[in-house]
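A short worksheet on the structure shown next.
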Amino acid sequence: MFWSKITALVVSLGALANADNVLTNQALYGAPNAHNASVQSLHLSSISSTDAFTALSHPRFPNHQVRVKKSEFCDPTVNVYTGYLDVDAGAKHMFFYFFESRRNPDEDDVMMWINGGPGCSSAMGLLMELGPCSIDMKNASSNGTVWNPYSWNEEANIFFLDQPVGVGFSYADYGETVETTEAAAKNIHAFISIFFETFKQFSGRPLHLSGESYGGRYLPVFASEIYDQNQLAMEEGRPTLNLQSVLIGNGITDISTLYQGRYEVECGTASLDVPFQSISTCVRMKTALPRCQAAMQKGCIDQFDEMNCRAAVAFCDGELSTGMWATGKNVYDISKPCEGNLCYKENDAIKAYLDLPETRELLGVETPGNFSPCSSDVGRSFNIHMDKWVAPTQYYVAGLLDRGIRVLIYAGTYDWQCNWLANKLWVDKLEWSGKALYDDEEWTDWTVDGGKAGEVKQTPLLTFATIRGAGHMVPHDKPAESLAMVSRWLVQNKL
């Protein structure tokens, strides 16, 4: 499939069909800091380390464009690229980071990582969890970051994407935001398609979508969009994306199980050997739990009435969440106190680092505003549109499994917010073609370097793994275990 080269002189009559598309893209996307260089295929190494972006467009995505530049950011041992996906005729811009694999970039799989929120930047995952470098909290380095030997790019080429528009360094010219996960999925598919179809070195490579938290909502929908678009592409004889698996860490997928899990974390032994919540609070929570579940079932699931659903959520939070908030504990890791922005001091350090003029210049950042770890505007917009409740996301998971897409659900046992038990509850009741096989499997220990990392239940398609002593952000708390888990998953070994 031919790619447009905007600055090219079209000299052959056979290229006239592309000329109209070229001129259209030039009008839509022309920018002083970008040059357009597109051929039938490109190798990423052909992208030079300059201040200018190379702009990539495709006739099948007339309202989308990818701009990419080589960067010296974060990992000096591999090729690093940053850039934007421009959508809606260039009015919205989604920022991404791409790191080639440290092992074998010409053969290793490709992964995409997204953080949750909704509205939180994947720079947090990059610089706090699984990226090639971590924010320097000890002022030990000269450039603000330190080497991460447990980065997931030890095993794969990996994207970190700030999505939806309005998150991190992603922005809109006129302030608009994407308002639902299903709408965001269209942009994700376009971005990945343009990248894979342009850089033929990645053509056919296994693709894995990964993330955490609200990623439990995002990722099943994104993967389903890719799968469905693949079916259309096959019917039309076009290239497809080699989607292989989805990895969800401490996700929020089925809201109906969330509060029961939180009760067990506080008042049971789901996370600690002895309940940490007061007896009086636990009595109140246990009394309220059946009413909460009934109200959620009726207002948010059976009838999906917005007013009743919001009332149910307000009741559940008031009766089943306020006790935890009053403890001062980190809701993402109950073994620690809540310190700093979103309970982690790293968040403010990352913001300060990414707002440095030299960092923004290195990345090629264009957004006029300062970096924010999480966007309240995006979160509010998703909430207004009831995104969390509008569709039972677990049905997307079942659909993927039924079509042969592998799914890994992993969870740190110290998380309260999107706790492991809530995830286990929805996975256990998930209706799909392999349910009987999954039900018959036993829980077993999985180990790293001879030590117990957690427990796992696995079938060829569905795996559920716990990580002992980790909170909401598993790679942050248990980096060696998280890398071992990913390494085994990518080659389809049992954990």
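The values are calculated or read from the model by the stated rules, or taken from the named source; none is laboratory data. Just so you know, these numbers come straight off a predicted model, no measurement behind them. Here the Cβ positions follow ideal geometry from the backbone for every residue, glycine too, while neighbour counts run over all protein chains shown.
Numbers at a glance
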read-out: Neighbours by Cβ (under 7 Å, 6+ apart or cross-chain): first from region 376-391, under 9 Å from Gly119 (Cα atoms) and acidic (Asp, Glu); second buried (at least 19 other Cβ atoms within 10 Å of the Cβ) and modelled with pLDDT under 90; value: Asp377/Gly166; Asp377/Thr177
read-out: Residue within region 477-490 that is of a type in the set (Lys, Arg), assigned to a strand (DSSP E or B) and under 20 Å from the mean Cα position of the chain (by Cα) present; value: no
read-out: Residue tally, condition touching a helix residue (DSSP H, G or I) at 6+ places or on another chain (Cβ under 9 Å) and farther than 12 Å from Phe169 by Cβ, over region 363-382; value: 2
read-out: Count of residues meeting criterion [within 28 Å of Met485 (Cα to Cα) and in contact with a strand residue (DSSP E or B) (Cβ under 6 Å, 6 or more places away or on another chain)] in region 148-167; value: 11
read-out: Within region 231-252, tally of residues that are free of Cβ contacts under 8 Å to residues at least 40 places away in the same chain and buried (at least 19 other Cβ atoms within 10 Å of the Cβ); value: 0
read-out: Qualifying position, being of a type outside the set (Val, Ile, Thr), buried (at least 18 other Cβ atoms within 10 Å of the Cβ) and at pLDDT below 80, among Ala89, Ala55, Ala34, Ala27; value: Ala34
read-out: Output for region 135-158, where each listed residue is crowded, with 24+ Cβ neighbours inside 10 Å and of a type in the set (Ser, Thr, Tyr); value: Ser151
read-out: Region 408-466: number of residues that are among the aromatic types (Phe, Trp, Tyr), in a loop (DSSP other than H, G, I, E, B) and touching a strand residue (DSSP E or B) at 6+ places or on another chain (Cβ under 6 Å); value: 3
read-out: Any pair with Cβ under 8 angstrom, 6 or more apart, that starts in region 106-121 at a residue that is among the β-branched types (Val, Ile, Thr) and ends at one that is part of a loop (DSSP other than H, G, I, E, B); value: Val110/Ala156; Val110/Arg205; Val110/Pro206; Ile114/Ser122; Ile114/Gln163
read-out: Answer residue from region 247-258, given it is part of a strand (DSSP E or B) and among the small types (Gly, Ala, Ser) and is nearest to Asp317 (Cα to Cα) among those; value: Gly251
read-out: Residues (out of contact with any Phe, Trp or Tyr (no Cβ under 8 Å at 6 or more places or on another chain) and over 23 Å from Gly216 (Cα atoms)) located in region 447-492; value: Thr447, Val448, Asp449, Gly450, Gly451
read-out: Scan of region 209-246 for residues that are assigned to a strand (DSSP E or B) and either of a type in the set (S, T, N, Q) or within 27 Å of Ser321 (Cα to Cα) (or both), ordered by number; value: Ser210, Gly211, Glu212, Ser213, Gln244, Ser245
read-out: Selection within region 228-260 - closer than 27 Å to Ile301 by Cβ and out of contact with any Gly (no Cβ under 8 Å at 6 or more places or on another chain); value: Asp228, Val246, Asp254, Ile255, Ser256, Thr257, Leu258, Tyr259, Gln260
read-out: Pairs with Cβ under 8 Å, 6+ apart, first in region 58-76 and assigned by TED's automatic domain parsing to the domain that holds Phe199 and in contact (Cβ under 8 Å) with a residue 12 or more places away in the chain, second among the acidic types (Asp, Glu) and part of a loop (DSSP other than H, G, I, E, B); value: Asn63/Asp88; Lys69/Asp51
read-out: Matching residues in region 172-197 - criterion: being surrounded by 24 or more Cβ atoms within 10 Å (Cβ to Cβ) and either on the phi > 0 side of the Ramachandran plot or more than 17 Å from the chain's Cα centre (by Cα) (or both); value: none
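Results for (1) in the same structural domain as Leu258 (by TED's automatic domain parsing); (2) closer than 28 Å to Ile226 by Cβ; (3) surrounded by 13 or more Cβ atoms within 10 Å (Cβ to Cβ), shown as yes or no for each residue.
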{"residue": "Val397", "(1), (2), (3)": "yes, yes, yes"}
{"residue": "Asp402", "(1), (2), (3)": "yes, yes, yes"}
{"residue": "Ala411", "(1), (2), (3)": "yes, yes, yes"}
{"residue": "Val427", "(1), (2), (3)": "yes, yes, yes"}
{"residue": "Leu430", "(1), (2), (3)": "yes, yes, yes"}
{"residue": "Glu441", "(1), (2), (3)": "yes, yes, yes"}
{"residue": "Trp446", "(1), (2), (3)": "yes, no, yes"}
{"residue": "Gly451", "(1), (2), (3)": "yes, no, no"}
